Amino acid sequence: LSAAQVRKGVNHLALTLHPPAPTQQKAWSFVYDGKELPAKPWRRDKGSSRIHESIEKNALLLADRGREVGDYCYYRAAWGADPDTESVVEARVKVIRGSSFLILTNGISGERVELSPEGIRLFHHPKLRYAMDTTGGFHRYQVTLNGADLQVHVDEVLRIDAPGVLAPRDYYQRNEVAFGAADSTKQG
């Protein structure tokens, strides 16, 4: 309306909210589906002779069977996470035994989500955990980093809510996502 059309005491205003248009799900930056060994953009750690990897029933079996220095194996990919915005990783995993991790770094901070038969926990904040059976079947783990906050959903249900845990850490200056089997002292 122009200013000339406005009349004191006779103007009526109605606001109608329309439901928001359905949002399309964002496409993943990259996907690994487990039907073959990871290829680019993934790069494999050296590992050791005690690491076993194979494709079984369209899934990657990655096993760390050693407890010596260097007995671990991770696949890593640069993902360009912006520490000031939301970044999401989703993994479908079935734990057989031992411990394995999803490692997420954003160039400033990072966290390791441990998956073990007892459940899930944050490596740097071990009191933040969720007890569950990770061995009975595949579960979908979605880890969201948003600024200093981190959340872990399991099968679409929030299980770990960790506001403020992503404080700057000197040893997480990489910007990558990684998944793999255990570490030098554990098996997974």
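The values are calculated or read from the model by the stated rules, or taken from the named source; none is laboratory data. Computed from a prediction, not measured in an experiment: that's the story for all the values here. Because the Cβ atoms are built from the backbone with ideal geometry, glycine has one as well, and the counts that use them run over all protein chains shown. To get the accessible areas, we keep the full protein, side chains included, count just its heavy atoms, and leave off ligands, DNA and RNA. Shrake-Rupley method; radii C 1.70, N 1.55, O 1.52, S 1.80 Å.
When you scan segment 37-50, do you find a residue that is modelled with pLDDT of 65 or more, of a type outside the set (D, E, K, R), open to solvent by less than 60 Å² (accessible area, probe 1.4 Å) and under 18 Å from residue 93 (Cβ atoms), even just one? Yes, there is a match, as at least one residue in segment 37-50 is modelled with pLDDT of 65 or more, of a type outside the set (D, E, K, R), open to solvent by less than 60 Å² (accessible area, probe 1.4 Å) and under 18 Å from residue 93 (Cβ atoms).
Residue pairs whose Cβ atoms lie under 7 Å apart, sitting 6 or more positions apart in sequence or on different chains, and linking a residue in segment 140-166 that is more than 17 Å from residue 82 (Cα to Cα) and modelled with pLDDT of 95 or more to a partner that is open to solvent by less than 70 Å² (accessible area, probe 1.4 Å) and of a type in the set (Gly, Ala, Ser), are 141/91. So, residue 55, is that one among the hydrophobic types (A, V, I, L, M, F, W, C), at pLDDT below 85 and surrounded by 10 or more Cβ atoms within 10 Å (Cβ to Cβ) or not? In short, no.
Quick one: count up the residues across segment 91-114 that are surrounded by 14 or more Cβ atoms within 10 Å (Cβ to Cβ) and more than 21 Å from residue 35 (Cα to Cα). Qualifying residue count for the region: 14. Of all residue pairs spaced 6 or more apart or on separate chains, those with beta-carbon atoms under 6 Å, a first member in segment 100-129 that is in contact (Cβ under 8 Å) with a residue 24 or more places away in the chain and over 20 Å from residue 73 (Cα atoms) and a second member that is assigned to a strand (DSSP E or B) and open to solvent by 20 Å² or more (accessible area, probe 1.4 Å) are 129/121.
State all residues of segment 105-124 that are outside any strand (DSSP E or B) and of a type in the set (D, E, K, R); if no residue qualifies, say none. Steps first, answer last, please.
Just the residues of segment 105-124 that are outside any strand (DSSP E or B), to begin with: 106-109, 117-118, 123-124.
Of everything in segment 105-124, just one residue is outside any strand (DSSP E or B) and of a type in the set (D, E, K, R), namely 118.
Among the residues of segment 63-79, the ones that are open to solvent by less than 30 Å² (accessible area, probe 1.4 Å), closer than 20 Å to residue 102 by Cβ and either over 19 Å from the mean Cα position of the chain (by Cα) or not aromatic (Phe, Trp, Tyr) (or both) come to 5 in all.
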